[in-house]
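The values are calculated or read from the model by the stated rules, or taken from the named source; none is laboratory data. In this text the structure is predicted, and so the values were computed from the model without any measurement. With ideal geometry, Cβ positions are generated from the backbone for all residues, glycine too; neighbour counts draw on all protein chains shown. The protein model used for the area step is the full one, side chains on, heavy atoms only, and it has no ligands, DNA or RNA in it. Shrake-Rupley method; radii C 1.70, N 1.55, O 1.52, S 1.80 Å.
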Amino acid sequence: MQLRLPEMGCGTWAWGNRLLWDYQVEMDDALKAVFDFCVSQGITLFDTGDSYGTGKLSGQSEKLLGQFNAAYEGDYKEQICLATKLAPYPWRLTQGSMVSAGRSSAQRLGQLDLVQMHWTTANYFPWQEGPLLDGLAELCDLGIAKGVGLSNYGPKRLRWAHKRLVALGIKVQTLQVQYSLLSTYPVDELNLKVVCDELDIRLIAYSPLALGLLTGKYTDKSDLPGGLRKLALGQILPGVTPLLSCLKAVAEGRNKTMAQVALNWCICKGTIPIPGAKNLQQAKQNAGALGWSLNEGEIAELEAAAAACDKKMVQNIFQSR
Ligand SMILES: NC(=O)c1ccc[n+]([C@@H]2O[C@H](COP(=O)([O-])OP(=O)(O)OC[C@H]3O[C@@H](n4cnc5c(N)ncnc54)[C@H](OP(=O)(O)O)[C@@H]3O)[C@@H](O)[C@H]2O)c1
């Protein structure tokens with residue numbers, strides 16, 4: 001079966017985390033507005049994970065997405081694609097454990113279009129993964145999921161997983177990796193896009209705004225919010241100033257925002273970016289990345305500016321070769 005994927009999607013990693021805050025109801029309303037707006041614009045791929053939301057909010061990101069989907073009644077409803085990622089936790093060791101995790105996610109979401117392996121265990125326990133991939137295949141065979149995707153795989157491990165799934169009659173539909181002007185390692189150094197094209201796998205770009213850095217809202221370490229972002233972005237600011245200046249210039253020349261240029265670059269590179277919008281204003285801005293294209297000169301300028309930066313985004317520790 002061929003999943004219908006739009007040019008751009010919407011990430012929901014933030015949902016799980018935001019839900020840890022007290023103002024949950026207010027946030028849920030804001031996120032529902034993001035969902036409704038995105039679908040109405042044909043942005044119909046939503047990515048979440050069964051590990052998004054912890055403690056008593058475990059699975060909450062999937063639950064919310066399911067509720068928003070059930071309540072939506074506007075245009076493009078038929079094209080909505082709900083994607084989740086199942087984590088290969090150390091206690092998930094068997095095919096059955098993955099099937100049971102997928103069943104629970106499908107229940108929370110109400111419909112499961114794409115079930116993805118959240119990361120490969122290649123870097124630390126390679127033997128764990130085979131049965132878990134078989135579990136993803138079984139989820140499709142049982143009709144619980146419509147398609148299978150992978151995440152954080154490099155070309156070598158991708159070929160291995162692809163072969164195993166093809167032997168079970170399952171096509172790998174998508175692969176998501178961290179990809180942005182500040183995270184080109186999997187695609188450029190590992191040649192991942194070429195391998196995906198060869199295997200007919202759509203490449204999804206996660207963290208396409210480098211956690212918000214490429215929107216231009218953080219120029220100095222003192223601008224950064226606390227937590228994970230302070231840790232991840234604090235290490236690379238101000239080392240990315242050449243790129244931020246170039247993004248700003250290209251954006252001004254185009255009458256676009258820096259976020260729109262950063263996302264359009266991902267689309268021009270043949271990927272589907274899934275920016276995490278937290279509110280309607282961000283979602284509206286990100287939707288403005290669609291319907292136009294950077295030219296070759298602008299792309300070259302942006303890539304030269306990225307190459308001139310002495311810092312890049314830190315790679316996901318699970319990203320394999
Ligand atoms: N497969 C994996 O291992 C993996 C890992 C990470 C993420 N993902 C997926 O990728 C999705 C997106 O990645 P991400 O959330 O890590 O990074 P991202 O999309 O690069 O950045 C998201 C952040 O950017 C800010 N933002 C978004 N649009 C904006 C706009 N127009 N103007 C200003 N700020 C804007 C928001 O910041 P504020 O919070 O400040 O509003 C948001 O939290 C996730 O939701 C998840 O679905 C997958």
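Here are a few things to note about the model shown:
- Residues within the range 73-96 that are open to solvent by 30 Å² or more (accessible area, probe 1.4 Å) and farther than 27 Å from A33 by Cβ, tallied: 8
- Filtered residue count, the range 162-218, keeping only those that are of a type in the set (V, I, T), more than 29 Å from P131 (Cβ to Cβ) and free of Cβ contacts under 8 Å to residues at least 40 places away in the same chain: 1
- Breaking point among (1) surrounded by fewer than 20 Cβ atoms within 10 Å (Cβ to Cβ); (2) more than 24 Å from S58 (Cβ to Cβ), for I144: (2)
The rows are residues; the columns are (1) part of a helix (DSSP H, G or I); (2) out of contact with any Lys or Arg (no Cβ under 8 Å at 6 or more places or on another chain); (3) within 30 Å of G226 (Cβ to Cβ).
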| residue | (1), (2), (3) |
| --- | --- |
| L150 | no, yes, no |
| K156 | yes, no, no |
| K163 | yes, yes, no |
| I170 | no, yes, no |
| L175 | no, no, no |
| V187 | yes, no, no |
| C196 | yes, no, no |
| G212 | yes, no, yes |
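- Unique match (being without any contact (Cβ under 8 Å) to a residue 40 or more places away in the chain and within 13 Å of the ligand (Cβ to nearest atom)) among Q281, Q319: Q281
- In the range 212-243, residue most open to solvent (accessible area, probe 1.4 Å) [restricted to those that are touching a Ser or Thr at 6+ places or on another chain (Cβ under 9 Å) and modelled with pLDDT of 90 or more]: T241
- Qualifying positions in the range 37-69 - open to solvent by 30 Å² or more (accessible area, probe 1.4 Å) and more than 24 Å from N152 (Cβ to Cβ): F37, S40, Q41, G55, K56, K63, Q67
- Restricting attention to the range 90-108, the residues that are within 20 Å of W127 (Cα to Cα) and touching a residue at least 12 places away in the same chain (Cβ under 8 Å) add up to 10.
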